[in-house]
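Structure first, then comments.
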Protein chains: 2
Amino acid sequence: MREVFQQSLREVQDRLVEIAELVTISIEKATQSFGNSDVAVAEEVIANDNRIDQLAIELDELAIDILARQQPVARDLRIVVSALRISASLERMGDMAEHIAQLSRYRFPDKAVPKGLRTTFAEMGRLDVSIARKLTELLRTQDPRIADEIRNDDDDVDELHASVFEKVLGDTWKGEPVATVDATLASRYHERFADHAVSIAKKVQYLATGDWIPEATTPVHH
Amino acid sequence: MREVFQQSLREVQDRLVEIAELVTISIEKATQSFGNSDVAVAEEVIANDNRIDQLAIELDELAIDILARQQPVARDLRIVVSALRISASLERMGDMAEHIAQLSRYRFPDKAVPKGLRTTFAEMGRLDVSIARKLTELLRTQDPRIADEIRNDDDDVDELHASVFEKVLGDTWKGEPVATVDATLASRYHERFADHAVSIAKKVQYLATGDWIPEATTPVHH
């Protein structure tokens, strides 16, 4: 029974890694689509997100099946419940990437990235991609040091998020309302993407070390 | 054993109702705080949200304890897993109410509600409050007709959300960037609040009727 359970857990882990890989592709393409107003790439993100949603549903069914058949208790039970939560967060990360990609579709043929914020959003995008790659690695290796790296990257995203609002609310901002709306939404999506990664990292860290850090309320930065 | 399980489920249900009641208070006060730039009321929402977070964590622990001790299978297992998801969505609804309340804190002593959108946001707030009340009732009675009402209210919220962007991106918009930012964020928070309620309503409906509607990707409306 123990061996069957370990095999089931590996299956869950492999699937979480697979979804995280797809989320990484989504945010890479979303960043590319948003930066270059590339509508074809945006369509790929949307198609990829349907796949992520499907895999998340299948993973949830697998986890429920493991609960029903193998009736894990104690730490094993918490691992399976955490997998359900991690899959929900990965699914939301895919949604955030899709929202970023969709901004470029809405504004086409205009640029979605507001003038004066190109460097900021390029950096936010780079950080979100880096976070997604690290998250995939964390799910694969469960090395808790990677969780700390993700937290550091998230701090940088939060700073950039705050700087977007400083810029948009500052005296030098010459953006039209559409640029202000896009900056606000894009910044929020990038920040939420990173938040979900931190939330997953905390769960993995907990499972690896046993230190439970309850989910904190997400602060708003602006 | 069956009787113990039924009693546990009633406990879970009572706690979900309790959290939904607190979420209702949060959105009522958030709407009041946002509409009247009332910072004292905003502080109450923030305090209330800490309580919601705490109750959600306790509910999750109870659900995990039920899984471990009573090892439910089939429909019973899905009910307990759904409770975990419903508590996560309620927790997020509390966060959205908190975000709305915080907008009035950031702008104080200025008004947070942008000029020209007072009626729209009053109506969005009214709908979100109505949705929260109906959701509490749905969790209490599990009457699937209430789920349909929530869905209808959410359609109205989505329309208002789209109308905010039409207004802000239209030729007649005279708002400063700060008004554009606030309109964008406030509209998004109100819309997400309603989305989470629909997501919960679907789960309750599924549990009541057995018809499973997989979680759809959340569309962006603007």
Taking chain B, how many lysine pairs are there with alpha carbons less than 15 Å apart, if each pair must be eight or more places apart or span two chains?
4
Report the dimensions of the protein assembly as shown along its three principal axes from the alpha-carbon atoms, largest first, rounded to Å.
65, 43, 35
For the Cα atoms of chain B, what angle does the longest principal axis make with the long axis of helix B:39-70, in degrees from 0 to 90, nearest 10?
20
Report, as an integer, the average count of C-beta atoms from other chains found within 10 Å of each Cβ along A:183-190.
3
Other chains' Cβ within 10 Å of B:62-72 residues: what's the mean?
3
Only helical DSSP H runs with n ≥ 4 go in: add -39500 (n - 2.57) per run for chain B, normalise by residue count and round the 222 nm mean residue ellipticity to 500 deg cm²/dmol.
-30000 deg cm²/dmol
Kindly express, to the nearest 10 degrees and within the range 0 to 90, the angle between helix B:144-168's C-alpha long axis and the longest C-alpha principal axis of chain B.
20
Roughly how many Å is it from the Cα centre of the stretch B:60-108 to that of the stretch A:87-131, as a whole number?
28
So, in nm, how far is label A:GLU159 from label B:GLN13 when the simple model puts each one 7 Å beyond its Cα toward the Cβ?
5.2
Starting from the 7 Å offset along Cα-to-Cβ, what nm value, one decimal, do you get for the label separation of B:ARG75 and A:THR141?
4.8
1/(1 + (r/R0)^6) with r = Cβ-Cβ of A:ILE57 and B:GLU43, R0 = 51 Å, i.e. FRET efficiency to nearest 0.05, evaluates to 0.80
Here the gain from full extension of A:ASN152 to A:LYS111, 0.36 nm per residue of separation minus their alpha-carbon distance, amounts to 11.7 nm
Using Cβ counts within 10 Å as a stand-in for footprinting exposure, how do B:ILE66, A:ILE52 rank, fewest first?
B:ILE66, A:ILE52
Nearest 10 degrees is fine. How inclined is helix A:118-141 to the longest principal axis of chain A, computing both from alpha carbons?
10
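Since every read-out is calculated from the coordinates, none of them should be taken as a lab result. Remember, it's a predicted structure, so these values are computed and weren't measured experimentally. Cβ sites come from the backbone with ideal geometry, for glycine too, and all protein chains shown count toward neighbours.
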